[in-house]
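Engineer: Below is one structure. I have some questions about it.
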Amino acid sequence: MKKYLIVYNPMAGKSNKKIWIQRLIEKLKENGNSVELVTTEYIGHGREISFYNAKDYDVIVSAGGDGTLNEVATGILKSNAASSLAILPIGSGNDYYRNFANPKNLKKSIDIIVDGKIKMVDVGRSSNGEYLLNIASIGLDCLTVKKAKKLKKILGGSLGYLFSLIYSILVFKKQNLSIYIDDRKIEAKNILYCFGNGKAYGGGIKIMPWSDCSDEFFHIVNIVDVNKLLLILLSPSIALGRHTMFKKYVKVYKGKKIRVESQKKYDFNLDGEIIEDRYFIEYECISKRLAIVV
């Protein structure tokens, strides 16, 4: 018998989420496991719940979207407990889950939580103790994420993100960034700089489809110095994961340590949540640090 704690975000995207929570509880109990359900009440609550309870449970289930998942994973990581993380993808994007399975098949997701195997994955850790699971970014998509939160509920994940992206292109101004990848320095007129261990963000936008969450490296995409008209034409290729063919404007790297500096404050996107007003960010890839049920 295993002890499961389900951390449920009632503000998550899917309208029928309570049905899937109940099905998960029933399936876990049918297989002889003990189950507790805790509902989050405010931003950051998922992190607190998992931090204070991780040592008492074999598996903690994040029942929500990418923001909930980051909170729950951060709590487990900071606790240094041996708990595994499982995912019930009932948010609007569920991008990290796309590294392992189709987030639309919730029946399969429940089967994985009950019968899945453990996979050790890399995580990013910042100089001030933040954790990154999927993808972080600076630039155009931070504005896009803000707009997309409303449009994704109307148009769906990928389409809502794409329309938000086009709007953002029209008003976005290039950023002057100093980018450090391990010992390499790059000066960029930045449109979009993203890095992490995941393949997709923004509800399925395949920004790094080649990425591997357990290869001990961050994967990096930097879109630089392209005019707005060309960027609009480039947008569909980003959605389809074909943008790297534009090698003049789309640069691809990988590395273990990332630092980005600027003379001006910019917003920072961390696993789909916007953190405002940063002069710099600094992250290190920590190899096979988190146990996930897949």
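The values are calculated or read from the model by the stated rules, or taken from the named source; none is laboratory data. Fair warning: this is a prediction, and the values are worked out from it, not measured in the lab. When we count neighbours, we look across all protein chains shown, and the Cβ atoms used for this are built from the backbone with ideal geometry, even at glycine. We work out accessible area using only protein heavy atoms, side chains counted, and drop any ligands, DNA or RNA first. Shrake-Rupley method; radii C 1.70, N 1.55, O 1.52, S 1.80 Å.
Engineer: State yes or no: is residue 76 surrounded by 19 or more Cβ atoms within 10 Å (Cβ to Cβ), more than 18 Å from the chain's Cα centre (by Cα) and not in a loop (DSSP other than H, G, I, E, B)? Break it down stepwise before answering.
Structural biologist: Numbers: surrounded by 19 or more Cβ atoms within 10 Å (Cβ to Cβ): yes; more than 18 Å from the chain's Cα centre (by Cα): no; not in a loop (DSSP other than H, G, I, E, B): yes.
When the stated conditions are applied, residue 76 does not pass them.
Engineer: Filter segment 179-203 for residues that are crowded, with 19+ Cβ neighbours inside 10 Å and either part of a loop (DSSP other than H, G, I, E, B) or on the phi > 0 side of the Ramachandran plot (or both) and give the result.
Structural biologist: Pass one, segment 179-203, residues crowded, with 19+ Cβ neighbours inside 10 Å: 179, 181, 188, 190-203.
Matches in segment 179-203: 196, 197, 198, 199, 200, 202, 203.
Engineer: What number of residues within segment 238-262 satisfy the criterion of being of a type outside the set (Phe, Trp, Tyr) and either at pLDDT below 90 or not in a strand (DSSP E or B) (or both)? First the steps, then the outcome.
Structural biologist: Here is the first cut: in segment 238-262, the ones of a type outside the set (Phe, Trp, Tyr) are 238-245, 247-248, 250-252, 254-262.
Retained after the next criterion (residues that are either at pLDDT below 90 or not in a strand (DSSP E or B) (or both)): 238-245, 247-248, 256.
The number of residues fulfilling the criteria is 11.
Engineer: If you check residue 6 against the conditions, is it part of a helix (DSSP H, G or I), touching a Leu at 6+ places or on another chain (Cβ under 9 Å) and crowded, with 19+ Cβ neighbours inside 10 Å?
Structural biologist: No.
Engineer: Pairs only if they're at least six apart or on different chains, beta carbon under 6 angstrom, first in segment 222-249 and more than 14 Å from residue 139 (Cβ to Cβ), second at pLDDT 90 or above and open to solvent by 20 Å² or more (accessible area, probe 1.4 Å); list them, first residue then second.
Structural biologist: Listed pairs, sorted by first residue: 241/209; 244/252.
Engineer: Look through 179, 169 and report the one residue that is farther than 21 Å from residue 256 by Cβ, more than 17 Å from the chain's Cα centre (by Cα) and aliphatic (A, V, I, L, M).
Structural biologist: Details: 179 fails: farther than 21 Å from residue 256 by Cβ.
Criteria check complete, one pass: 169.
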